[in-house]
Each structure stands twice: as structure tokens, then as C-alpha cells.
1. So how long is each side of the range 9-67 along the principal axes, counting just the alpha-carbon atoms, biggest first, in Å?
2. Which ³J(HN,Hα) values, rounded to whole Hz and listed in residue order, are derived for the range 94-101 from phi using the Karplus coefficients 6.51, -1.76 and 1.60 in 6.51 cos²θ - 1.76 cosθ + 1.60 with θ = phi - 60°, glycine and proline given as x?
3. Lys/Arg Cβ at +1, Asp/Glu Cβ at -1, dipole of the range 10-66 taken about the Cα centre: which of 51, 33, 14 is farthest positive-ward?
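Only the coordinates and a few stated rules stand behind these numbers; no lab work does. Because the structure is a prediction, the values reported are computed rather than measured. Cβ: placed from backbone, ideal geometry, glycine included. Neighbour counts: every protein chain shown.
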Amino acid sequence: MALDKDVRINGDITVQEIRLVGLEAEPLGIVSLAEAMAKAEQLETDLVEIAPKAVPPVCRLMDYGKFKYAQSKKLHEAKTKQKNVQVKEIKFRPGTDDNDYNVKLRNLIKFLGDGDKTKVTLRFRGREIAHQELGLALLKRVQADLEQYGIVDQFPKMEGRQMVMVLSPNKKPKPKQKEKAVDELESKEEVEKVVV
């Protein structure tokens, strides 16, 4: 009985004629199922259907355990090569102060530097909803400050009582560039403190 629903082996194969492939991947021609099963028993291997949609279906003489192991390894490698993109979220308010703004901006730069998409949410409470232009101006400021780190996927739009903007990273910057960007932002904050 087959361990995998997609692959049929030995007695699970029901067609009468198959195209048989040997242990070393050499073609053995079109043979009856009974001949192929006898050959598999003689060589003490399994008969594995590897191309069921072909006419006639292609079956190979091989060790099914090794075949399953190779398949799981391929699947695992494909999963590790696949990049998992996360969406990080930073929340602002229309009255977000400069220091809070700079901290959140630094986090946004870090997220974009790591290759994550970022969602910038600006929440309005109570009467703040009447002054949506303040929120839009704040999001435009964020967009301008992050111009070199990311591009806007979704421009600011209202969703209920909040305004949302989505940013994607430009390209994966080198780690030194990311650190340099954070250092520039911190030095900018120090200059602002001295001026105030």
C-alpha cells in the first residue's frame, strides 16, 4: 500500500501496460504490469509509478523509502529557499510628537531594511476625525522621510476611523547601509535637541 496518496507503488498500480525504467534510470521499454512486478520481486525493489499521466504510465524500479526521502528533501529545500515576507505595523496619532515620531521612523527604517513590508496606521479618536488633513500631512511626512528606504504600495486611504499606508522595501540594503541610516537619524535627533 502506498504511503503517499499521489504516488502508487507495487500492488496499487492498476494499469495493464507500463513504460518501465530500470534501477539506473535506463529505459526497459513497454511491458505488462505482471512482468514489471516479477522484475521488481526478482531485484528485491519496489515498482513506483513516477508519471501516472503519461500514456502508458511510467514506472521505475527503485527503493521506495529512498524515493520518499529524496522527495521530502526536495520539498524541505524549496521551503527554505522561499522568502517569507511579513507585514509589520507602526501606529501613529495625528498629534504624535517629534521624539515619538523619530523612534517610530527608526523602527520603520529597521523593518524596511530587514526586507519586511510595513503598514503605517494613523488612528483618529473623537473629534480628530474632523481634521483628516493633519493625518494626511503626517503620512506624507513619513513617506518623504522613507523615500530612500522603501516605496509606497498603497497610498494613504481611510478605513473607518484610521488612515492606512503600506510601504515595501526598495531592495535589500547591505547591513552597513542600514546601520548608517539609523546613525544618520540619531545624529539628526541630537542636532534637533541642541537647537531646541
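1. 25, 21, 19
2. x, x, 4, 6, 4, 5, 4, 4
3. 51
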